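Heads up: the structure comes next, in structure tokens.
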Amino acid sequence: MGEMPVVPEPAALPWWWALLLPVLLGVGTWLALVGDAVCSGERAAFAVPGREAARLLVGQRRRTVAGDTVLGRIGGGVLPVAALLAAAVLPLGERPVADLSVGVVWFNAMEVLAWAAVWMVGWGANSALGLVGGYRFVAQGLAYELPHMFAIITAALGAASLRLTTIVDAQQDLWFVAIMPVAFVVYLVSAAAMAFWGPFDAPVGRDVAGGAAVELSGVDRLVFAGGRWLLLVVAAAMAVPLFLGGGAGPLLPAWAWVAVKTAAVLALLLWLRHRFPTVRMDRYVEFAWVVLIPLAIAQALAVALVVLGGA
Amino acid sequence: MDLTALLLRVAARRPHVLVVAVPGATAVRLAVEAALARRGWPIATGPADADVLAVAGSSGPELAAVVDAVWEQVPAPRARVDLAALADVDEHLEAAAALLADVERQRTEVVSGNASHGAHDHSRPRQGDHAGHGAHHQHHHHGHGGTVAGLPMAEPGPDRDGLTLDRLHVPLGPVLPDWPAGLVVRVTLQGDVVQEASADVLDAGPAAPFEWPSAPARELDGLARFLGVAGWSSAAGQARRLRDAALDGDRIEAEAAALVRRVRRSRTLRWLVRGIPAGPTDVAALLARRLDAIEGVSGASPELQQGHLAAIELADLLVGTELASARLIVAAVDPDTDRVEAGHG
């Protein structure tokens with residue numbers, strides 16, 4: 001095909017999609033909230049996110065004695081910003097807002113910000129339970145981050161590229177979830193842990209009265225909780241280009257398949273929370289280092305051998 | 001159009017309610033929790049998360065002081081209901097929702113709250129070491145590291161790993177989610193490890209203990225709290241629904257058996273509660289006994305459930321545990337603080 005005139009196809013979406021992206025994610029998050037309310041058996045589930053948002057918008061903000069308010073508020077603000085920046089490399093259909101050659105690394109770098117953010121919120125309140133919550137998330141990071149990195153690197157390995165559009169193209173024949181099921185499962189588990197969601201919600205657990213978020217009210221709580229939901233939605237959406245073939249699928253356009261697959265992954269994550277009790281840090285760190293990391297490494301090794309064999 | 005008024009009205013449809021359980025008023029607490037479940041109003045995790053503060057019962061002087069301190073920490077818009085009797089729970093909650101939606105009232109409250117600067121902003125240290133819901137650093141009188149904003153710094157002390165770490169004096173309770181009524185456990189924390197603990201029940205006195213209509217209802221109440229602490233909200237909600245049904249006189253045997261099966265079958269829960277000692281027994285055994293009692297296999301409640309005695313022994317069980325385990329132990333033992341004798345504490 002070398003003789004054909006090369007028409008450079010723009011890999012990224014036009015610039016104004018950067019403005020549309022927060023709106024899209026917001027709508028996705030709103031729907032996820034409704035889904036969770038339905039799962040929890042709430043009455044008027046469709047109204048729950050609206051009522052909650054209204055409640056927090058009119059709520060008074062609080063400060064605590066000798067708290068580091070600036071640190072805490074920066075921490076809360078970092079969560080939604082990190083989620084949005086991570087979503088920039090997410091192919092919405094066929095193309096992402098920013099088609100970075102190191103998309104996988106960018107995504108990982110952005111989500112790691114959550115680690116700092118939750119700790120800053122917990123520390124900033126000068127409150128013992130907040131501090132415990134913040135440190136729980138640091139411990140949780142020690143448990144989830146390594147298996148998580150091995151899982152996403154396995155997908156990059158399978159496509160021999162860190163560019164997400166290339167990873168999607170590499171799955172035209174076979175979705176990566178079929179070649180690397182262990183990496184997919186590890187990714188899902190660590191996605192929940194990263195958004196301190198589901199069985200990994202100890203950092204904001206009931207037993208410590210809300211943990212890192214214990215002193216947050218009003219718009220501070222809205223930003224923190226909203227950021228956490230955005231993070232969950234983005235982490236679920238990233239499973240689609242990494243393991244589920246991106247926008248590939250019959251009949252429907254690519255963007256619709258991305259939406260459908262993201263919704264399916266989100267539903268799985270919502271179900272996780274209802275199915276399992278909170279996994280405490282002392283047990284999860286042990287499980288992650290003894291079981292998840294060896295499994296993830298073995299998976300990466302197997303995929304590496306397949307790639308080498310195919311080359 | 002008045003946006004604030006609109007938001008207040010929308011928000012008042014589903015306020016978060018912080019329920020303060022008063023020892024000796026279990027019946028009122030149960031009525032409040034059932035009313036909240038009927039309305040679909042969530043139970044708040046702490047004052048920061050609350051719109052309505054509902055005091056279930058008439059609190060004695062010690063608890064009343066704590067409740068006032070907690071009320072100071074609830075951000076506006078807010079409403080407080082003191083429920084002394086069983087009958088008017090619904091009316092009071094209705095009135096609280098109306099108050100939350102009342103823009104005139106809430107506007108003045110917001111302004112005064114900001115102006116007085118003391119109420120929500122914690123700009124003065126609170127008095128008494130069991131004020132508040134235990135979230136703040138409560139430093140005792142002997143800080144050696146100077147002071148910050150009038151509060152003494154935490155003093156360092158040796159920890160279990162031979163390090164020197166800060167010691168925080170933190171009261172757990174009496175206003176904590178899924179926590180026994182009126183119980184306060186003052187702990188010294190290093191990181192999240194409990195180094196010292198002493199337990200106490202506020203306003204211990206001659207209260208008429210609540211007569212549970214059925215043993216399964218009582219054990220379901222305890223199970224709901226335990227599952228709540230274990231972070232299994234869907235199973236905890238199921239236990240609470242069944243408890244309310246049992247108290248209404250419905251037959252729940254089949255559903256209770258299904259819940260017991262669900263909890264017993266959860267390998268994750270077993271893995272999580274395994275190997276946490278609680279005196280002569282452990283948390284897993286206490287949970288198993290509670291599940292048996294729900295099934296009606298053994299009617300007798302665990303012998304640790306003997307009011308004040310249990311509260312004092314409880315403190316010894318917590319020393320050396322991590323905060324998450326400590327909460328599980330308290331929830332598993334679940335001391336009946338209604339049955340505390342006068343003259344102690």
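Each reported figure results from applying straightforward, stated rules to the coordinates on display, with no laboratory input. All values reported here derive from a predicted model rather than from experimental measurement. Please note: Cβ atoms are built from the backbone with ideal geometry, for glycine as well, and neighbour counts cover all protein chains shown.
For helix A:293-310, what angle does its Cα long axis make with the longest principal axis of chain A, in degrees from 0 to 90 and rounded to 10?
Between the helix axis and the principal axis of chain A, the angle is about 20 degrees.
Compute the signed sum of charges (Lys and Arg +1, Asp and Glu -1) over the other residues within less than 12 Å, Cβ to Cβ, of residue B:290.
Net of charged neighbours comes to -1.
Taking 0.36 nm per intervening residue step and subtracting the Cα-Cα distance, what contour gain separates residue B:58 from residue B:3 on full extension?
Difference between extended and current length: 16.0 nm.
Taking θ = phi - 60°, what integer Hz values does the Karplus form 6.51 cos²θ - 1.76 cosθ + 1.60 yield along region B:25-35, in sequence order, with x for Gly and Pro?
Using θ = phi - 60°, the values come out as 10, 4, 4, 5, 4, 4, 5, 5, 5, 5, 5 Hz.
Using just the helices of chain A, give the 222 nm mean residue ellipticity in deg cm²/dmol: DSSP H runs with n ≥ 4 each add -39,500 (n - 2.57), and the total is spread over all residues, rounded to 500.
-22000 deg cm²/dmol
Which part of region A:197-224 falls in the paramagnetic zone of residue B:234, meaning amide N under 16 Å from the point 7 Å along Cα-to-beta-carbon?
A:197-201
Relative to the longest principal axis of chain A, what angle (0 to 90°, nearest 10) does the C-alpha long axis of helix A:128-159 take?
That works out to roughly 0 degrees.
Assigning unit charges at the beta carbon (Lys, Arg +1; Asp, Glu -1) and nothing else, what dipole magnitude in debye, to the nearest 20, does region B:3-116 show about its Cα centre?
380 debye
Quick one: dipole size for chain A, taken about the Cα centre, charges +1 on Lys/Arg Cβ and -1 on Asp/Glu Cβ, in debye to the nearest 20.
1000 debye
In what sequence, highest mean first, do B:211-223, A:222-234 appear when ranked by Cβ atoms within 10 angstrom?
Highest mean packing first, the order is A:222-234, B:211-223.
Largest first and in whole Å, give the semi-axes of region A:17-310's equivalent ellipsoid, each being the square root of 5 times a Cα gyration tensor eigenvalue.
Over the Cα atoms of region A:17-310, the ellipsoid semi-axes are 32, 22, 17 Å.
Taking the Cα centroid of region A:197-213 and of region B:226-265, what is the distance between the two, rounded to the nearest whole Å?
Value for the Cα centre distance between the two parts: 22 Å.
Where does each of B:52-60, A:198-206, B:189-197 land if you order them by average Cβ count within 10 Å, highest first?
In descending order of packing, they fall as A:198-206, B:52-60, B:189-197.
Taking every residue in A:211-224, how many Cβ atoms of other protein chains lie within 10 Å of its Cβ, on average?
The shielding value for this peptide is 3.
Considering the dipole of the protein assembly as shown built from charges on the beta carbon (Lys and Arg +1, Asp and Glu -1) around the Cα centre, which of A:180, B:275, B:101 is farthest to its positive end?
Among A:180, B:275, B:101, the one farthest towards the positive end of the dipole of the protein assembly as shown is A:180.
Magnitude of the Cβ-charge dipole of the protein assembly as shown, K/R +1 and D/E -1, about the Cα centre, nearest 20 debye?
1100 debye
For region B:159-176, just list the computed ³J(HN,Hα) in residue order, Karplus coefficients 6.51, -1.76 and 1.60, θ = phi - 60°, integers in Hz, with x standing in for Gly and Pro.
10, 5, 9, x, 9, 10, 10, 4, 10, 10, 9, 10, x, 9, x, x, 10, 9
Putting +1 on Lys and Arg Cβ atoms and -1 on Asp and Glu Cβ atoms, find which of B:34, B:285, B:85 reaches farthest to the positive end of the dipole of the protein assembly as shown.
B:34
Near residue A:111, within a Cβ-to-Cβ distance under 13 Å, what is the net charge of the other residues, with Lys and Arg +1 and Asp and Glu -1?
0
Across every pair of different alpha-carbon atoms, what Kirkwood hydrodynamic radius in Å does region B:3-116 reach?
Value: 14.3 Å, from the Cα pair sum.
I want to check the label-to-label distance for residue B:261 and residue B:313. Put each point 7 Å from Cα in the C-beta direction and report it in nm to one decimal.
3.4 nm
Take residue A:302 and residue B:153, extend 7 Å from each Cα along the Cα→Cβ direction, and tell me the distance between the two endpoints in nm.
Going from the residue A:302 label point to the residue B:153 one covers 5.4 nm.
Quick one: helix A:17-39 against the long Cα principal axis of chain A, what's the angle to the nearest 10°, folded into 0 to 90?
60 degrees
Find how much the distance from residue B:90 to residue B:211 grows on full extension, using 0.36 nm per residue of separation minus their present alpha carbon separation; answer in nm with one decimal.
41.3 nm
Can you figure out the FRET efficiency of residue A:68 with residue B:161, using R₀ = 30 Å and their beta-carbon distance, to the nearest 0.05?
Computed FRET efficiency for residue A:68 and residue B:161: 0.65.
Can you give me the long-range amide H partners of residue A:163? Hydrogens built in the peptide plane at 1.01 Å from N, cutoff under 5 Å, separation of 5 or more residues or another chain.
Here the answer is A:103, since their amide H atoms fall under 5 Å of that of residue A:163.
Work out the P(r) tail for the protein assembly as shown: percent of alpha carbon pairs separated by more than 45 Å, whole number.
Result for the distance tail: 21 percent.
With θ set to phi - 60°, apply the Karplus curve 6.51 cos²θ - 1.76 cosθ + 1.60 along region A:64-71 and write out the HN-Hα couplings as whole Hz, x wherever there is a Gly or Pro.
Values per residue, Gly and Pro as x: 10, 4, 6, x, 8, 4, 4, 4 Hz.
Quick one: net charge around residue A:290, please, counting Lys, Arg +1 and Asp, Glu -1 for every other residue with C-beta under 14 Å from its C-beta.
Within the 14 Å Cβ shell, the charges total -1.
Calculate the mean, over all residues of peptide B:233-246, of how many other protein chain Cβ atoms lie within 10 angstrom of the residue's Cβ.
Mean partner-chain Cβ count within 10 Å for B:233-246: 2.
What is the set of long-range amide H partners of residue A:62 at a cut-off below 5 Å, with H atoms built 1.01 Å from backbone N?
A:217
Summarise the partner chain shielding of B:6-14 as one whole number: the mean count of Cβ atoms from other chains within 10 Å of each residue's Cβ.
Going residue by residue through B:6-14 and averaging, the value is 6.
Return the long-range amide H neighbours of residue B:167 (sequence gap of 5 or more, or a different chain), with a cut-off of under 5 Å between placed amide H atoms.
For residue B:167, the qualifying residues are B:155, B:157.
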